[in-house]
Amino acid sequence: MACFMPPIWQRRLPPDYPRSNTPLIRRLFVLLLAVCHASVALNLDDPSPMCRHPENLNGDLFRWNAYTGACLLMIIVVAGPLRLAAVAALGSDFIGDMAPPPKLVTWGVYRYVQHPGYTGQVAVLACNLAMLFRWDGVLGCLIPGSLLEDVQGWGFATFCLVTVALIQGLPRHIMVEEVLLKNAFGRSWERWHASTWRFIPGLI
């Protein structure tokens, strides 16, 4: 996700801005899975040196095919650029601070959705987990066969729980942000809020 953040936004944060370790933990978690995944993919003929249980692996997750291509395409062509478009529209007002900006941004991608940055962020995370966080993926290297039998069938539920855990503060952040914008811009915000979708046009 750090690849889709502007390099100077951290320097714009006020000195008293509350910092959290959650984004760092999230990035390190996904990065670790990605590095392990790449290591197995580069040695798929004999992954045993870096995979304790290669018998659990689904080789299709480590090759180019429709599934892996769709996940990467979603990140590179849709989710990542959406995040960047949100940052570009906000410009110097993008600092992540819980304070209303000097103006209400209703142009660019904000003409269609109210929270495009969060949509892009969650989509990048979900696509990464869809390819990396699977029992027959790189996680299978760490799971003994006996335990793998116990967790089979719980993959989707675990995926949802991990996703919720990684974005657990986001709903509250969005609600606080909307209240701040409403109080700051009043009727202008209400008209914009009523005429645009919050996250995905046509859906939500």
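Residue-wise test of (1) small (Gly, Ala, Ser); (2) outside any helix (DSSP H, G or I); (3) within 22 Å of Ile25 (Cβ to Cβ).
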{"residue": "Ala88", "(1), (2), (3)": "yes, no, no"}
{"residue": "Leu104", "(1), (2), (3)": "no, yes, no"}
{"residue": "Ala123", "(1), (2), (3)": "yes, no, yes"}
{"residue": "Cys127", "(1), (2), (3)": "no, no, yes"}
{"residue": "Met131", "(1), (2), (3)": "no, no, yes"}
{"residue": "Ser146", "(1), (2), (3)": "yes, no, no"}
{"residue": "Asp150", "(1), (2), (3)": "no, no, no"}
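Among the residues of region 166-173, is any modelled with pLDDT under 80 and closer than 18 Å to Ala79 by Cα?
Yes, region 166-173 contains a residue that is modelled with pLDDT under 80 and closer than 18 Å to Ala79 by Cα.
For Leu181, all conditions in the list (1) assigned to a helix (DSSP H, G or I); (2) surrounded by 13 or more Cβ atoms within 10 Å (Cβ to Cβ); (3) within 16 Å of the chain's Cα centre (by Cα) hold save one; what is the number of the exception?
(3)
Per-residue answers, yes or no, for (1) in contact with a Gly (Cβ under 9 Å, 6 or more places away or on another chain); (2) on the phi > 0 side of the Ramachandran plot; (3) in contact (Cβ under 8 Å) with a residue 12 or more places away in the chain:
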{"site": "Leu90", "(1), (2), (3)": "yes, no, yes"}
{"site": "Tyr110", "(1), (2), (3)": "no, no, yes"}
{"site": "Ile143", "(1), (2), (3)": "no, no, yes"}
{"site": "Leu148", "(1), (2), (3)": "yes, no, yes"}
{"site": "Pro171", "(1), (2), (3)": "no, no, no"}
{"site": "Ala184", "(1), (2), (3)": "no, no, yes"}
{"site": "Trp197", "(1), (2), (3)": "no, no, yes"}
{"site": "Pro201", "(1), (2), (3)": "no, no, yes"}
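Residues in region 163-174: is at least one assigned to a loop (DSSP other than H, G, I, E, B) and under 30 Å from Asn58 (Cβ atoms)?
Scanning region 163-174, I find at least one residue that is assigned to a loop (DSSP other than H, G, I, E, B) and under 30 Å from Asn58 (Cβ atoms), so the answer is yes.
Check whether at least one residue in region 110-125 is small (Gly, Ala, Ser), at pLDDT below 90 and surrounded by 20 or more Cβ atoms within 10 Å (Cβ to Cβ), and report yes or no.
No.
The values are calculated or read from the model by the stated rules, or taken from the named source; none is laboratory data. Keep in mind the model is a prediction, meaning the values are calculated, not measured. Virtual Cβ from ideal backbone geometry, glycine too; neighbours counted across all protein chains shown.
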